[in-house]
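Chemist: Have a look at this one before I ask anything.
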Amino acid sequence: MARQKTILDIQKMKAEGERITMLTAYDYPFARLMDQCGIDMILVGDSLGTAVAGHDTTLPVTMDEMIYHAKAVVRAVESAFVVVDMPFMSYQTDVRDARYNAGRLIKEGGAQAVKIEGGCNMAETIAAITAMDIPVVGHIGLTPQSIHRMGGYRVQGRQEEQAKRLLDDARAVEQAGAFAVVLEGIPRKLAAEITRELSIPTIGIGAGVDCDGQVLVIHDILGLCEKYSPKFVKKFADVSGMIRQGIDDYIREVKDGEFPTPDHSFD
Ligand code: KIV
């Protein structure tokens, strides 16, 4: 059985210039497959709200839902490092809630770390959670839980003033004790500057190739999410097509009386 990665392995990868791979997973079969493929980190993202629950945003996702999905993923994993998202309203209300809910994701969900959206505004919260010895991944730039403030899912940091603020956010997240930070939806040059500036690993999504690692939503790379396709997503496989084909064949064979055959029946 493979040894499960720790924050030390992830930090060492930045130090040694090895790119970090991360994907989202929300259930046992996907987590098992990506773990067997050798993914470095798995994120039980609150993107499960859009990717598997059919919501338009991540805002409705609850702590209990995160814990349910985290447990399924953790059961499947032998070697990847597992991070679980803190959902909207589980940490923004006050630091006490944040500490309690981060603790639940570790204790009940089995997470090795939690992820929090926000920069300078979340520094105190990140520090409070890391003070409980819970590793934190920051998340700055296009933060989906802030959709209403941003006025939609828009690239952040294109204007000089905004870029400066994002650099401050990145520094604040590192200083508060986060061991890694997700950079989402920001210009490539800015992501490269943040990556050079920080000693913690940066994991990009729509932030260019110069980040220390990359993360994407599994349903997006497999072509399972037909509703949205952001520019930064590359479809590595067309699983929807395969699923449709299998279901079409099943329907046809049942209708035609071809299935079940004697091989699939009991004497
Ligand atoms: O919820 C999520 O899946 C995420 C990323 C894709 C970074 O936060």
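Chemist: Only one of these conditions is not met by I147: (1) within 16 Å of the ligand (Cβ to nearest atom); (2) under 15 Å from the mean Cα position of the chain (by Cα). Which number is it?
Modeler: Of everything listed in (1) within 16 Å of the ligand (Cβ to nearest atom); (2) under 15 Å from the mean Cα position of the chain (by Cα), I147 misses just condition (2).
Chemist: Based on this model, can you work out whether I140 counts as crowded, with 16+ Cβ neighbours inside 10 Å and within 12 Å of the ligand (Cβ to nearest atom)?
Modeler: yes
Chemist: Answer yes or no: is there a residue in the range 4-19 that is within 26 Å of H148 (Cβ to Cβ) and either among the aromatic types (F, W, Y) or assigned by TED's automatic domain parsing to the domain that holds D220 (or both).
Modeler: No, there is no match, as no residue in the range 4-19 is within 26 Å of H148 (Cβ to Cβ) and either among the aromatic types (F, W, Y) or assigned by TED's automatic domain parsing to the domain that holds D220 (or both).
Chemist: Residue by residue through the range 54-94, note down the ones that are of a type in the set (V, I, T) and outside any loop (DSSP other than H, G, I, E, B).
Modeler: I67, V73, V74, V82, V83, V84, listed by residue number.
Chemist: On to the next question. Taking the options Y91, Y100, name whichever one is free of Cβ contacts under 8 Å to residues at least 60 places away in the same chain, farther than 14 Å from F179 by Cβ and within 16 Å of the ligand (Cβ to nearest atom).
Modeler: Numbers: Y100 fails: within 16 Å of the ligand (Cβ to nearest atom).
Sole residue among the options that is free of Cβ contacts under 8 Å to residues at least 60 places away in the same chain, farther than 14 Å from F179 by Cβ and within 16 Å of the ligand (Cβ to nearest atom): Y91.
Chemist: Which residues, counting only those in the range 147-173, are in contact with a strand residue (DSSP E or B) (Cβ under 7 Å, 6 or more places away or on another chain) and either part of a helix (DSSP H, G or I) or free of Cβ contacts under 8 Å to residues at least 12 places away in the same chain (or both)?
Modeler: Those that are in contact with a strand residue (DSSP E or B) (Cβ under 7 Å, 6 or more places away or on another chain) and either part of a helix (DSSP H, G or I) or free of Cβ contacts under 8 Å to residues at least 12 places away in the same chain (or both): L166, D169, A170, V173.
Chemist: When only residues in the range 215-236 that are modelled with pLDDT of 95 or more and either crowded, with 18+ Cβ neighbours inside 10 Å or more than 19 Å from the chain's Cα centre (by Cα) (or both) count, which is nearest to M34 (Cα to Cα)?
Modeler: Among them, the one singled out is I218.
Chemist: Taking the residues in the range 22-34 that are among the hydroxyl-bearing types (S, T, Y) and within 11 Å of the chain's Cα centre (by Cα) as candidates, determine which candidate is farthest from T202 (Cα to Cα).
Modeler: Y26
Chemist: Tell me the residue from I194, I200, I205 that is out of contact with any Gly (no Cβ under 7 Å at 6 or more places or on another chain), buried (at least 22 other Cβ atoms within 10 Å of the Cβ), β-branched (V, I, T) and over 20 Å from S47 (Cβ atoms), please.
Modeler: Testing whether each residue is out of contact with any Gly (no Cβ under 7 Å at 6 or more places or on another chain), buried (at least 22 other Cβ atoms within 10 Å of the Cβ), β-branched (V, I, T) and over 20 Å from S47 (Cβ atoms) leaves just I194.
Chemist: Within the range 12-37, can you find the residues that are surrounded by fewer than 17 Cβ atoms within 10 Å (Cβ to Cβ) and either touching a strand residue (DSSP E or B) at 6+ places or on another chain (Cβ under 8 Å) or acidic (D, E) (or both)?
Modeler: E16, E18, R19
Chemist: If you don't mind, there's one more thing I want to ask. Looking only at residues in the range 78-121 that are among the basic types (K, R) and over 13 Å from the mean Cα position of the chain (by Cα), which one is farthest from Q4 (Cα to Cα)?
Modeler: R96
Chemist: Next up: Please find, within the range 35-53, the residue that is farthest from the ligand (Cβ to nearest atom) out of those that are within 19 Å of I203 (Cβ to Cβ) and part of a loop (DSSP other than H, G, I, E, B).
Modeler: Result: G38.
Chemist: To continue, here is another question. Can you report the number of residues in the range 150-176 which are closer than 13 Å to G119 by Cα, acidic (D, E) and away from the ligand (no atom under 16 Å from the Cβ)?
Modeler: Counting residues in the range 150-176 that are closer than 13 Å to G119 by Cα, acidic (D, E) and away from the ligand (no atom under 16 Å from the Cβ) gives 2.
The values are calculated or read from the model by the stated rules, or taken from the named source; none is laboratory data. Because the structure is a prediction, the values reported are computed rather than measured. A quick note on method: Cβ atoms are made from the backbone with ideal geometry, for glycine too, and the neighbour counts reach across all protein chains shown.
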